[in-house]
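A short write-up of the structure that comes next.
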Amino acid sequence: MQRLGLVEWDRPLLLFLLLMAWTRDPNFGAEAVVFRDLPKTVELEDNAESNSLVTTISVNCTTSYDVPHTSLKSVNPVSSFFNFLNTLSTGNYELRLSPSAALDARVVNLYALTFTANCGGRTQDAQLFVQVNEAKRLVCNKGYTDIGRPPIQVSEDVRPGETIFTTVLTRRGTGRLTFTIEDSSLPFVITSEGILQAPATGFTREQAGKTFSLKIAVTDDASRSCKVPLFIQVIPVHHNKVSFTKSSVARSIRENVPPLSNITQVHASGDNVLYQIISPSTNSFTIDPVSGIIKTTYYLDLKRNPSLASTQLEVKAYDMFNHADHATIIVNITVKQENLEGPLCSPAVFVTEIPENISVGRTILSLSCYDPESMNSSLKYNIVDQNPPYSFKMNGPNLQVNGSLDYDSESMETLNFQYQATILVIDEGSPAQTTTVPVLVTVRRVNEFYPKCSKLVFSVPENTEYGYSIGNVNGTDQDYPFNNIEYSIMDADAGVFYISTYTGQLHVLLPLDYENQKVYHLPVILKDLENEAAPGTQKTTTCNVTIYVQDVNDRPPVCKEPFLQFSIYSTQARNIKVTDINCEDEERGTKLAYNIVRGNVNGRFRMVGQTLFPNTFSYRPDGIYDPLVFVLLVEVTDSDSSPRFSTTVTVVVNVIPWATTVPTTTTTSTTVPKKPIVLHRTVTYWAPDPWFVVVLTLTGILFFSALGLLFWQFCRRKSPGEISQPLLQNKNKEAGENYKVTEEARKQKREDITDLQSLEQQFDGRAQDPISGQYYLFDSSTGARRWRALENRRRGSSRRRRREFGEVTVTWTLGATVAMTAECPPSRRRHLVVDSNCREQVREVLKPAWGDPAAAPPRPGRGKFTLAVGA
C-alpha cells in the first residue's frame, strides 16, 4: 500500500513540472518557423512595370515535414501595389507588383512588408523592406486638354509678351531642357524656361474669338522628350467701331432670276449701322440700308449685258450718327448662264466586293464624268445616302474607303453585309445639274480577331457532387458570327473537370479535396469556328483558368486518446489541471470547442479550452457525498456554424477522498512523522435502472397469475373413477347390465339436421338430464331415450371437447325399436371414443340376436349402431 501511495504522489508532481515548463514557455514542444532570407531590403526603381518580380521568399518548418502556411500580413504604409504570395514550390514563394502598382519615390520611398508563417500552430513574422529609388526620366503634366476642362482664356488686348502658361514637369529628366512649340506658324512665343508668352505684336482682330491648339515639346540632354498639349482661346474685346468680320464675300446667281431676288446679306458690327453701295454706280443691284440685303433690280440677261457675268460691289457700312465711323466690304457677284443638262458618268452603276479589312483611304472606284454643255466645266463630286453613313468619301472623282468596313455587327447582318451609297456629280451650270451613280459594295468577312476569355477565376466548394456546374468561361469572339467558339482543356487536370465543347460550361467530374489540392490551373483552348470563308484559318487562344477549391467542414475532429483515466485527490486545487484533451481537426483554421455533456455530477469539473480542471469536491457523511468515480463524456466540436462535426472523449477520474485531522493534546511530546497510508476500498453493488425494476415487477405478476390459473384448472378436473348416475336404462332384461357411454358423433351440419328430424319422428318428448344438464328425447309409449346431439353441441363446445371425462352411451336400434342401451367408460386413447373392451362386450351380447354390428353397410333387418356423447 505504501508503494501504491508513492505512485499516486508522483503523478501530480509530474503534472506540476509539465505545468511549470508550459508557464515559462507556452510554445514548449511546438514547431519553429524559419525564414531563410528575411529580413532583407530590396531596391526597385519607381518606373518598374506592373506584375514585375520583387523578390523570392523561402520558409520551412524546423521539426517536421509540414508545409508552412505563409501569407502577406501587412504593408506599411498601407498600399495595394503588392500582390499576394505566389507559391513556386513547397516553402518557396515569389512576390510581384500588382497590376495597379504605380511606384513614386517622391511620395513613398520605403515599404515595410510583414509576412507571417504557421507551422503546426507556431506562428512567426518576418519583414521585407522595399526601397523605391527615383528613376531618371522625363514626364510632363497632362496640360489643359482633359474632357470637360475649359481651355486657357486670353483677352484679345493682352499685352505683348505677357505670360500665358508656365510648363510644369512631373519628372525633369537629366541635363538641360529645351522647350519648343511644334507648330511654328502659331503666333505664340516660348522661352528657354518653358514660359509661353503672348505674341510680340499682340493679337489681331482676326485672331479674336479663335481657339488655338498647340503642343509644347520638352527635350533633355538624353534625348528623352514629352509633350504638353494646350488649348488657348482668345476672348474678343468689344470695340465701339463699325467693322466687318470679313474683308470680302463672293456669291453666284443664275441669270433671269426674278427682280428683288436676294443675293446675299452683309453685316457689320456696331450701333446704328446703315449700308450703301459706293461703287460702281449700277442700276442692276440695290441694297437695303437697314438690313444690308443685296437684291437684283430687274431680270439679268447675259446675252443683252455680258458685263453682268462678273460684278464687284464695294459696300460701305457707317454709323448713322457718326459717318466717320465706317467700314467697307467687297462683294463679288457672279451671274451664271442657266444650265439644262447634267453630267455624264461611267460607270453608271458600280457594284463590287471587297474584304472587311481593306485599308482606310484606299480607292475602290475612279469615276469618269464630263459636262456635255461645257467640256471645260469643273465638276464636283459628293457622296450621299450612305448606309451605314460615313463609310466612303470622295477625293475628286475617286471613291475611297473612309472608315473600317466592319462585317462583324448585327446591324450589318440586317443589311445583308452590303454598303450602299450614291455619288452625286454636280456641274457648274446655272442652275446646277446633277447626276447620280448608285454604289453597292459587298463586304467579305475576314477572321481578324482571336478569341478571348472574359472569366479566368472560379471558386468551387470541395463537397460538390458529380456534374456540378462551376461556371462559364464566357469566351468572346468579335468576328461574326459572334462567340462561335469551340472549348477544350489541355492538361492532366482535364480528368477532374470537364468543359462543354460549345458552351464553355465547366463541370466537376471527380471528387475535390481541399486538403490535397487547393488550386487547379486549367489551360483552356478556345478556337473560333466559321469566321472565314477560306478553310483552315481558325484562330486559337489559350486561357489559363484558375479554379480555387473552397474549404468545407466535412470531417470531425480526431482525438489522440479517446479514453483517458486519472486519479486525483479531492483536495486538488482548482487551478491545477487534471489533463489536456489533445484533439485536432484536419480542416485548417478551425477552432475546437470542448464541453462536458455527461457524467459531470454536481458540476465538479469544468473545461477551460482543452484543459480539464476540477472544482471543489464534497465528501461529508452528513451532507453531499460526491461519487468516487466520475465518467465524464467530453464533446469536441469543430465549428460554431453549420455544418458542424463532433467527437467524444471519455475521461474517467477516480477521486480519492482526503481528510486532514489534527489531534488535540495537552502534553508536550515528540512524535515521529509517518507517511500516511492510503487505503482503497472497492464497494461493488448493482443499481439497476428504474425501467428494469418496473419490467421485472410486471413480469413476476404475470408469471404468478399464469401459475395460479393453471393450478385452478388442474384442481377443478373430475376424478377418473367418478361415475355419473345412469341416464338410460336398458329395456331388455336379457342384457342385465348398464354401461356408461360418452361419445360425440362428428358429423356435418346437414347430417345433424337429418338425424334431428328423424329423432323427432321417433320420439314424442324432450327432457334435461339432471346430472349433465344435457337434453335428450324420449318415447312415452316405449320408454326409449336419445340424446339431442345438435342442441347439446350448441350449449357449448367446451364440454363436448372434454370427452375423456364423460361417458359414452351405446344404443343398438332396429328401425324405431331400441334393441339395447349400454354405457361404456371413455377410452384413454385420443383417437378412440369408447373403450375397446366395452365395445367388444356389447358386440358379443348383440351378436347372437342381431348379427355382427361392425358389418357395414347395414342390411334390411339389421340394426344401427349409435354413439351418444355424455357430459
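The values are calculated or read from the model by the stated rules, or taken from the named source; none is laboratory data. Since this is a predicted model, take the numbers as computed values, not measurements. Here the Cβ is made from the backbone with ideal geometry for all residues, glycine too, and neighbour counts use every protein chain on show. SASA here: full protein model, heavy atoms, side chains in, ligands and nucleic acids out. Shrake-Rupley method; radii C 1.70, N 1.55, O 1.52, S 1.80 Å.
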- Go through the stretch 246-274 and give me each residue that's open to solvent by 90 Å² or more (accessible area, probe 1.4 Å) and over 30 Å from residue 298 (Cα atoms). 271
- Query: Residues in the stretch 57-73: is at least one open to solvent by less than 30 Å² (accessible area, probe 1.4 Å) and closer than 21 Å to residue 136 by Cα?
  - Reply: no
- Message: Of everything in the stretch 427-449, what is surrounded by 18 or more Cβ atoms within 10 Å (Cβ to Cβ) and either modelled with pLDDT of 90 or more or part of a strand (DSSP E or B) (or both)? Give them in sequence order.
- Response: 435, 437, 439, 441, 443
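Can you tell me which residue within the stretch 594-603, out of those that are buried (at least 17 other Cβ atoms within 10 Å of the Cβ) and either free of Cβ contacts under 8 Å to residues at least 40 places away in the same chain or touching a helix residue (DSSP H, G or I) at 6+ places or on another chain (Cβ under 7 Å) (or both), is nearest to residue 552 (Cα to Cα)? Break it down stepwise before answering.
Taking the stretch 594-603 first, the residues buried (at least 17 other Cβ atoms within 10 Å of the Cβ) are 594, 596, 599-600.
Next cut, either free of Cβ contacts under 8 Å to residues at least 40 places away in the same chain or touching a helix residue (DSSP H, G or I) at 6+ places or on another chain (Cβ under 7 Å) (or both) only: 596, 599-600.
Details: 596: 26, 599: 32, 600: 33 Å.
Among residues in the stretch 594-603 that are buried (at least 17 other Cβ atoms within 10 Å of the Cβ) and either free of Cβ contacts under 8 Å to residues at least 40 places away in the same chain or touching a helix residue (DSSP H, G or I) at 6+ places or on another chain (Cβ under 7 Å) (or both), the one nearest to residue 552 (Cα to Cα) is 596.
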- Message: Looking for something farther than 30 Å from residue 518 by Cα and either charged (D, E, K, R) or open to solvent by 20 Å² or more (accessible area, probe 1.4 Å) (or both) - is there at least one such residue anywhere in the stretch 586-593?
- Response: no
- Message: On the basis of being surrounded by fewer than 17 Cβ atoms within 10 Å (Cβ to Cβ), among the acidic types (Asp, Glu) and modelled with pLDDT under 85, does residue 408 make the cut?
- Response: no
- From the list 483, 474, which residue is closer than 30 Å to residue 355 by Cα and modelled with pLDDT under 85? 483
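Suppose we filter 219, 178 for residues that are closer than 16 Å to residue 137 by Cα, modelled with pLDDT of 85 or more and surrounded by 14 or more Cβ atoms within 10 Å (Cβ to Cβ); which single one remains?
Details: 178 fails: surrounded by 14 or more Cβ atoms within 10 Å (Cβ to Cβ).
Going through 219, 178 in turn, just one is closer than 16 Å to residue 137 by Cα, modelled with pLDDT of 85 or more and surrounded by 14 or more Cβ atoms within 10 Å (Cβ to Cβ): 219.
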- Query: Mind checking which residues of the stretch 357-388 are in contact with a strand residue (DSSP E or B) (Cβ under 9 Å, 6 or more places away or on another chain), open to solvent by 40 Å² or more (accessible area, probe 1.4 Å), assigned to a loop (DSSP other than H, G, I, E, B) and closer than 18 Å to residue 424 by Cβ?
  - Reply: 372
- Would you tally the residues in the stretch 117-155 being of a type in the set (S, T, N, Q), modelled with pLDDT of 85 or more and surrounded by fewer than 17 Cβ atoms within 10 Å (Cβ to Cβ)? 5
- Residue count for the stretch 172-212, restricted to those that are in contact with a Phe, Trp or Tyr (Cβ under 8 Å, 6 or more places away or on another chain) and of a type in the set (A, V, I, L, M): 6
- Query: Mind checking whether some residue in the stretch 460-467 is open to solvent by 20 Å² or more (accessible area, probe 1.4 Å), within 30 Å of residue 345 (Cβ to Cβ) and either at pLDDT below 85 or not aliphatic (A, V, I, L, M) (or both)?
  - Reply: no
- How do the pairs read when you match residues in the stretch 465-478 that are among the hydroxyl-bearing types (Ser, Thr, Tyr) with residues anywhere that are assigned to a loop (DSSP other than H, G, I, E, B), using Cβ under 6 Å and keeping only pairs 6 or more apart or on different chains? 476/454; 476/483
- Message: Against the condition open to solvent by 30 Å² or more (accessible area, probe 1.4 Å), more than 30 Å from residue 398 (Cα to Cα) and either β-branched (Val, Ile, Thr) or free of Cβ contacts under 8 Å to residues at least 12 places away in the same chain (or both), how does residue 324 come out, does it pass?
- Response: yes
- Message: Quick test of your reading of the structure: residue 602 fulfils all but one of (1) at pLDDT below 90; (2) more than 27 Å from residue 463 (Cα to Cα); (3) in a loop (DSSP other than H, G, I, E, B). Name the failing condition by number.
- Response: (3)
- Query: Under 9 Å by Cβ, and 6 or more places apart or on different chains, what pairs join a residue from the stretch 507-524 that is within 21 Å of residue 542 (Cβ to Cβ) and of a type in the set (Val, Ile, Thr) with one that is in a strand (DSSP E or B) and open to solvent by 60 Å² or more (accessible area, probe 1.4 Å)?
  - Reply: 519/87; 519/548; 524/542; 524/544
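Can you tell me which residue among 417, 392 is at positive phi and open to solvent by less than 40 Å² (accessible area, probe 1.4 Å)? Don't jump to the end; show me each part of the working.
Details: 392 fails: at positive phi.
Every option except 417 fails the conditions.
Does residue 576 satisfy being in contact (Cβ under 8 Å) with a residue 12 or more places away in the chain, β-branched (Val, Ile, Thr), surrounded by 14 or more Cβ atoms within 10 Å (Cβ to Cβ) and in contact with a Leu (Cβ under 9 Å, 6 or more places away or on another chain)?
Details: in contact (Cβ under 8 Å) with a residue 12 or more places away in the chain: yes; β-branched (Val, Ile, Thr): yes; surrounded by 14 or more Cβ atoms within 10 Å (Cβ to Cβ): no; in contact with a Leu (Cβ under 9 Å, 6 or more places away or on another chain): yes.
So residue 576 fails the test.
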- Message: Checking residue 43 against (1) at pLDDT below 65; (2) under 30 Å from residue 85 (Cα atoms), only one condition comes out false. Which one?
- Response: (1)
- Query: In this structure, does residue 669 turn out to be open to solvent by 70 Å² or more (accessible area, probe 1.4 Å) and either at pLDDT below 65 or on the phi > 0 side of the Ramachandran plot (or both)?
  - Reply: yes
- Item | Failed item in (1) closer than 25 Å to residue 236 by Cβ; (2) not in a strand (DSSP E or B), with residue 324 passing the rest | (2)
- Message: For a quick check of your reading of the model, give me the residue pairs whose first member lies in the stretch 610-634 and is assigned to a strand (DSSP E or B), whose second is open to solvent by 80 Å² or more (accessible area, probe 1.4 Å) and of a type in the set (Gly, Ala, Ser), with beta-carbon atoms closer than 8 Å and at least 6 apart or on different chains.
- Response: 619/659
- Reported set for the stretch 279-296 where residues are in contact (Cβ under 8 Å) with a residue 24 or more places away in the chain and over 15 Å from residue 333 (Cβ atoms) is 291
